[in-house]
Every structure is written in structure tokens, then in C-alpha cells.
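The values are calculated or read from the model by the stated rules, or taken from the named source; none is laboratory data. From a predicted model like this one, the values you see are computed outputs, not experimental measurements. Glycine also receives a Cβ, built like all others from the backbone with ideal geometry; neighbour counts cover every protein chain displayed. The protein model used for the area step is the full one, side chains on, heavy atoms only, and it has no ligands, DNA or RNA in it. Shrake-Rupley method; radii C 1.70, N 1.55, O 1.52, S 1.80 Å.
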Amino acid sequence: TGSESHIFFVFGASGDLAKKKIYPTLWWLYRDGFIPEGTHFIGYARSQITTEKIFENAAKYMKVKDNERDLYEKFVKLNSYVAGSYDKDEDFKHLTNEANQISNQESAHRLFYLALPPSVYGSVSELISKHCRPKSPGWMRLIVEKPFGKDLESSNKLSEHLNKFYTEEEIYRIDHYLGKEMVQNIIVLRFSNQILSRVWNRDSIAAVNIIFKEDIGTQGRGGYFDEFGIIRDVIQNHLMQILSIVAMEKPRSTKGEDIRDEKVKVLRCIAPIKPEDVVIGQYTGDKNSKDPERQQGYLDDKGVPKDSTTPTFAQVVIFINNERWAGVPFILRAGKALNEKKAEIRIQFRSTPGGMFDDDNHGSDPNGKLARDELVIRVQPNEAIYLKLNTKRPGEMGFSIEETELDLTYGNRYKGVKLPDAYERLILDVFMGSKINFVRSDELEQAWRIVDPILEEIDKKKIPVIPYTFGSNGLNEAFDAARKHGYIFRG
Ligand code: BG6
């Protein structure tokens with residue numbers, strides 16, 4: 001029946017996110033046959049432009065292959081564009097009339113992607129609900145992206161506003177880290193392997209490190225970034241989401257609500273971060289670099305005020321006050337303009353007790369100590385799971401011990417398997433109505449509660465911002481703090 005067709009609306013269709021992520025993602029999903037038959041796409045924004053222009057701008061992100069040209073043309077034909085304001089009733093009525101005509105029915109399911117600045121979220125969400133809902137039995141789903149406010153209070157306000165117009169069921173809050181293969185894999189790894197579930201607690205684990213590094217600066221996004229800083233940009237959302245999955249209790253089932261219940265429960269066991277558990281930094285240009293980008297410090301970004309103290313690097317230490325985790329530091333570290341792009345989770349196990357090997361040669365440890373076992377889940381690049389273990393150095397006499405790796409690097413083990421982009425999975429999830437990989441309002445509130453007090457301290461400039469050079473590995477002050485909490489760096 002006709003009621004099974006869909007309309008996907010892209011709000012902010014002329015903007016950056018739409019061009020770089022949303023339109024390319026829709027095309028890849030279409031190309032791979034995931035978009036339901038009969039779906040139309042409608043872009044909406046203030047600019048008086050055309051569908052052709054939108055696709056022209058997005059062309060270099062689409063990666064269309066020569067043999068896909070015909071299919072691509074078919075996809076482009078399913079797209080329309082409507083120009084209008086973000087705050088006038090008549091424009092949204094007009095949009096809905098257009099949509100009815102395009103899909104030739106009023107009950108097609110409607111998905112709305114808000115790729116918009118937060119300043120217009122309020123009016124747009126209200127007017128969509130008022131004027132653009134499909135007729136029954138069609139459903140509607142609203143996809144929203146961070147920033148969800150700037151702190152606990154503004155985030156709660158936004159939630160209240162959305163709750164006036166939508167049920168929680170209808171709202172899909174994107175955190176694109178939840179669409180990444182290795183983040184989704186944590187749940188399987190933890191709960192389908194007895195060998196891991198037995199040791200996944202304070203008795204065996206000494207520390208957990210969750211690390212996000214980028215080798216680029218703000219790249220002209222300084223205007224946006226300066227208002228938020230690295231804690232709001234990456235830690236409050238992406239790293240806190242990873243933490244909740246690493247630390248949660250076993251969900252009752254794989255249902256979205258069961259999983260999200262456990263994530264919220266563990267977040268509720270975390271006290272707000274204390275200022276003494278925070279190290280923050282801001283990058284300066286590397287005068288010796290040959291790369292012009294690396295010569296630019298954060299304060300050289302055009303959008304950034306010259307006296308800005310916004311952190312581009314932060315490390316926070318979090319404790320979970322429950323039976324499984326009491327006393328285990330979760331060290332979350334994130335920085336821009338570092339030496340590499342990498343995201344990984346390092347689970348470091350306690351030192352092996354007993355001195356049996358004390359007199360032997362531990363070549364890989366500068367202090368001659370037996371290395372700790374460590375499980376590493378590398379989210380990106382080059383997805384991998386590896387377990388660092390001690391083995392006998394091959395071929396040598398006696399007990400010469402070497403630290404080595406049980407290595408599951410996906411590129412080697414799963415040759416030729418294509419891992420979809422995070423946005424592909426997430427948008428497909430919305431079509432299918434799966435909520436597992438979206439942030440529920442109570443999760444969001446908990447994540448804000450945990451960082452809220454330190455954000456206030458930082459905004460009031462009460463925490464010193466330590467400079468670091470573009471391209472460095474991180475702040476020594478942060479590494480020292482991690483060491484103080486018992487994490488052992490190696491190599
Ligand atoms: C975004 C942040 O949420 O994540 C950016 O706003 C950051 O500052 C990006 O660069 C990183 O995403 P990914 O998928 O490249 O690790």
C-alpha cells in the first residue's frame with residue numbers, strides 16, 4: 001500500500017553538514033539498496049538555490065563511480081528542494097503541501113533531519129510538529145544532532161521544548177560514535193565472551209583509558225568551537241557514551257530500551273567530575289613545522305577571539321561508584337592538533353602478583369617489571385582488537401619474557417569486508433525504527449550532570465589552560481595525572 005512510502009527531509013540542506021555527510025550518506029544507502037522503495041528526499045533551507053546546486057556542492061563528497069552514474073541520476077531525480085524561513089507558519093504549510101504533491105499522498109512516513117544551528121532548533125522543531133506531520137497511519141521521526149545545549153540547564157530546556165511537541169519515541173538524538181563498528185562491538189565482546197565477563201571488574205582491571213586524538217586543528221570551525229571547547233565537543237558525548245557501554249551491567253536483552261536503561265544506570269553512579277581531576281590545554285602553532293596548517297595555533301583561527309581560553313585538549317578522570325567499579329579510574333582524554341588521528345579504549349589489567357619472574361629478563365620493560373596485560377579496542381583508524389600479553393621470547397634459553405599481542409586487526413582478518421560509515425548505519429536505523437544507537441533524554445541529562453560543574457569552572461577560567469604545540473603527543477601534565485591514578489604507560 002502507499003502508506004509504506006517515506007519522505008526524508010533535510011533541514012539545512014544548503015549547509016556544511018548536509019553537503020559533507022547527509023546527502024552523501026543518503027546516496028550510499030540508496031546505491032546499496034537500503035532505502036525503501038518509493039522514498040522521496042526534500043531539502044529545506046533559507047537560501048534560494050536549486051537541487052542541482054546542492055548536488056553540485058556535494059559532488060566531491062559523494063564518490064560516485066563511473067559505473068554508478070545511471071543509478072546516481074535516478075537518486076538525484078528523487079530529490080527536491082524547497083526554500084523557506086525557519087520561523088514562519090506559512091512556509092511550513094507550504095512545505096507540507098509540496099511534500100504531499102511530491103509523494104502523491106499525505107500519509108507517507110516522514111523523517112526529518114535537522115542539520116541546523118542550535119539557534120533555530122526551537123522554532124523549526126515546533127513548526128514541523130505543527131504543520132508537517134503525516135496523516136495517519138504515517139509516522140514521523142525527528143533526527144537531531146548535537147549540540148544539545150551548552151550545559152545541563154540549557155540541555156534540559158531544549159529537551160522540555162522538544163517534549164512539548166514530540167514523544168520520546170519520535171526523537172532520534174545522533175551521537176555518531178554509536179554508529180562506529182568497534183563501539184557497537186563492545187557490547188558483543190563484553191557479553192558474549194565468558195573469558196572477558198569474568199574479569200570485567202575492579203578485581204582484575206586497574207584502569208580504563210578512553211582516548212580521542214586528532215591531528216587537525218579547528219580548521220576554520222573556530223567560531224563554533226570556541227563557544228564549546230573539547231569537553232562539550234567530544235567528551236560529554238562521544239567518550240561518555242563509550243564509557244557507559246564499557247562499564248554498564250549486562251542488559252536484559254538486545255532491545256534498545258534494555259540497553260539504554262543500563263547505560264543510564266551506570267551514569268547515575270558517577271559523581272560530577274572534580275576540578276582536581278581535570279587537565280586542560282590549548283594548542284599553539286609549531287613554528288618549526290613545514291606544514292602551514294601546523295604553524296597555526298588555535299588563537300590564529302579567524303573565528304577565535306585572541307584572548308580565548310577555550311580548551312582544545314582535556315583529560316578527565318571519572319570514578320563509578322558501584323560494586324563492579326569502585327576505585328577504578330576511567331581516564332578520558334581528548335585533544336585536537338595532536339600527532340595522530342586515533343580513537344581507542346585501553347583496558348589495563350592489574351599487575352600479575354607473585355615474584356616468580358622477578359630475576360628474569362623482561363626486555364620490553366625499561367624498569368625490568370613484568371608488563372601488565374592490556375586489552376585495546378581501536379575504534380579508528382584501522383579497526384582492531386588486540387590483547388597485550390607476556391610470552392617467552394621465542395628461541396631464547398631460560399625465562400626471557402617479552403610482551404606481545406594477540407592481534408585481531410580487522411583489515412587482516414576480515415579482508416574485503418566493507419565497514420559502513422557511522423552515518424549510514426544510523427540513518428538506516430532511523431528508517432527501521434531502531435533506537436539502540438541513539439541517545440535517550442535521560443542519558444543526555446546524566447552526561448551533562450557529570451561534566452556540568454567543571455565546565456562552569458573552566459568557563460570562569462578557574463582551571464589553568466596549559467599550552468601545547470601542534471603535533472605533540474599530548475600534555476605531560478595529563479600523562480602524569482594518569483600515572484598518579486595508577487595507569488602504566490609503556491614503550
Ligand atoms: C564531532 C566533533 O562530533 O566529531 C568534531 O564535533 C570531531 O570536532 C568529530 O572532529 C570527530 O569525528 P570522527 O568520526 O572523525 O572521529
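Details
- Electrostatic tally near Asp70: other residues with Cβ closer than 14 Å to its Cβ, Lys and Arg +1, Asp and Glu -1, net +2.
- Environment charge of Asn100, counting only residues whose C-beta is closer than 10 Å and scoring Lys/Arg +1, Asp/Glu -1: -1
- Other residues lying with their Cβ under 10 Å from the Cβ of Thr391 contribute a combined charge of -1, Lys and Arg counting +1, Asp and Glu -1.
- Candidate residues Asp89, Asp203, Asp286: accessible-area rank, largest first, probe 1.4 Å: Asp203, Asp89, Asp286
- Percentage of interatomic Cα-Cα distances in the stretch 413-489 larger than 15 Å: 78
- Put a plus charge on the Cβ of each Lys and Arg, a minus charge on the Cβ of each Asp and Glu, and nothing anywhere else: the dipole of the stretch 187-300 about its Cα centre is then about 580 debye.
- For the stretch 1-92, the list of GluC sites (Glu not before Pro) that fall in a loop by DSSP and count at most 11 other C-beta atoms within 10 angstrom reads Glu37.
- Legend: residues His6, His485, sorted from most to least accessible area (1.4 Å probe; ligands, DNA and RNA excluded), read His485, His6.
- Inter-label distance for Glu293 and His94, nm, one decimal - labels placed 7 Å from Cα along Cα-to-Cβ: 4.0
- The phi-based Karplus calculation (6.51 cos²θ - 1.76 cosθ + 1.60; θ = phi - 60°) puts the 3J(HN,Hα) values of the stretch 410-415 at 4, x, 8, 6, 10, 4 Hz, whole numbers, x for Gly and Pro.
- log10 of Debye I(q)/I(0), alpha-carbon scatterers only, for the stretch 1-51 at 0.28 Å⁻¹: -1.10
- Evaluated at q = 0.10, 0.12, 0.13 Å⁻¹: base-10 log I(q)/I(0), Debye formula over Cα of the chain: -0.85, -1.18, -1.35
- Accessible solvent surface per residue of the chain, calculated while the other protein chains remain in place, 1.4 angstrom probe, Å²: 46
- The C-alpha atoms of the chain define a longest principal axis, and helix 181-191 lies at about 60 degrees to it.
- Packing, as the average of other Cβ atoms within 10 Å across residues, places the peptides 174-184, 38-48, 474-484 in the order 174-184, 38-48, 474-484, highest first.
- Convex hull volume per residue in cubic angstrom - Cα atoms of the stretch 53-155: 142
- Full-extension gain in nm, Lys20 to Asp66, via 0.36 nm per residue minus C-alpha separation: 14.5 nm
- FRET E, pair Asn322, Ser204, Förster distance 25 Å, beta-carbon r, rounded to 0.05: 0.95
- Taking θ as phi - 60° and the Karplus parameters 6.51, -1.76 and 1.60, the scalar couplings of the stretch 274-282 work out to 8, x, 6, 9, 10, 10, 10, x, 9 Hz in sequence order, x denoting glycine and proline.
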